[in-house]
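First the structure, in the form of structure tokens, and then the observations on it.
Just so it is clear, none of the values below were taken in a lab; they were calculated from the coordinates. Fair warning: this is a prediction, and the values are worked out from it, not measured in the lab. Positions of Cβ are generated from backbone atoms using ideal geometry, with glycine treated the same way; all protein chains shown enter the neighbour counts.
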Amino acid sequence: MVKKKVVLDTNVLISSLLKPKSKARDIYRLVLRGEVELYISVNLISELSRVLEYPKFKFEKLQKQVFVKNIMKVATVLVDPKLRVNVIKEDPPDNKLLECAVEAKADYLISGDNEHLLPLENFEGIKIISPSEFLKLYQKLKSKHS
């Protein structure tokens, strides 16, 4: 089976850290095992680092450092996506996800953002889906190839 290229929204990454029994954690495990290819941009790493600092999450300093280091280790980091988009006017940082996904030629942008990203469903041929939708699709693909 050809590995699927994915871009994970910050909300999915944070959920994977917060909720050990979540769909987001299942996807993170697929990434760590090398079953899917994760792409992330320098801009998205900055956003992730910023969001990890939110007091409401109460992450330990070491936990945050290890998480970001693991992401950097397993992901293909895109330094500066050339394409700039302004599709999501209500939440401009979400455009960075689209830019990264296009640059990576990703198959999927996985997000929990029901307001801005998921309603798009597709951008430049990239499917925008929720973690649970991705896992269902992934299981179907895997069973087809086993």
### Message
Looking at the chain as a GNM with Cα springs under 10 Å, which of S41, S15, S111 has the largest mean-square fluctuation?
### Response
S15
### Query
Leaving out same-chain residues fewer than 8 places away, which aspartates and glutamates sit with a Cα under 20 Å from that of K142?
D26, E35, E37, D107, E133
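Normalising by the residue count of region 4-144, find the relative contact order in percent from Cα pairs under 8 Å and 6+ residues apart. Present the calculation step by step, with values, prior to reporting the outcome.
Details: 198 pairs, mean separation 40.9, N = 141.
Once divided by the residue count of region 4-144, the mean separation gives 29 percent.
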### Query
To the nearest 0.05, how large is the calculated FRET efficiency for N122 and H145 if R₀ is 30 Å and r is the Cβ-Cβ distance?
0.80
## Note on the structure
With only helices counted (DSSP H, runs n ≥ 4, each -39500 (n - 2.57)), the per-residue ellipticity at 222 nm for the chain, to the nearest 500, works out to -14500 deg cm²/dmol
### From the coordinates shown, mean projected area of the Cα convex hull in nm² corresponds to which of (1) 8.6; (2) 11.6; (3) 9.3
(1)
## Note on the structure
For the F59, N11 Cβ pair and Förster radius 22 Å, calculated FRET efficiency rounded to 0.05 is 0.90
### Task
Once you have the Cα-Cα distance between V87 and N70, take 0.36 nm times their residue separation minus that, and quote the gain in nm to one decimal.
3.1 nm
### Query
For the chain, modelled as a GNM with alpha-carbon contacts under 10 angstrom, which of K64, K23, K96 fluctuates the most?
K64
### Query
Separation between the N114 and D80 pseudo-spin-labels, each 7 Å from Cα along Cα→Cβ, expressed in nm?
3.9
### Extension reserve of the R29-K3 stretch, reckoned as 0.36 nm per residue once the Cα distance is removed
7.9 nm
### Query
Can you list the HN-Hα couplings for region 43-50, worked out from phi with the Karplus curve (6.51, -1.76, 1.60; θ = phi - 60°), rounded to whole Hz and with x for Gly and Pro?
4, 6, 5, 4, 5, 4, 4, 5
### Message
Past 28 Å, Cα to Cα: identify those pairs from K3/K23; K58/K127; K19/K61; K19/K73; K73/K96, in the order given.
### Response
K58/K127
### Task
Give the residue from F67, V77, L109 lying farthest towards the positive end of the charge dipole for the chain; charges sit on Cβ (+1 for Lys and Arg, -1 for Asp and Glu) and the dipole is referred to the Cα centre.
F67
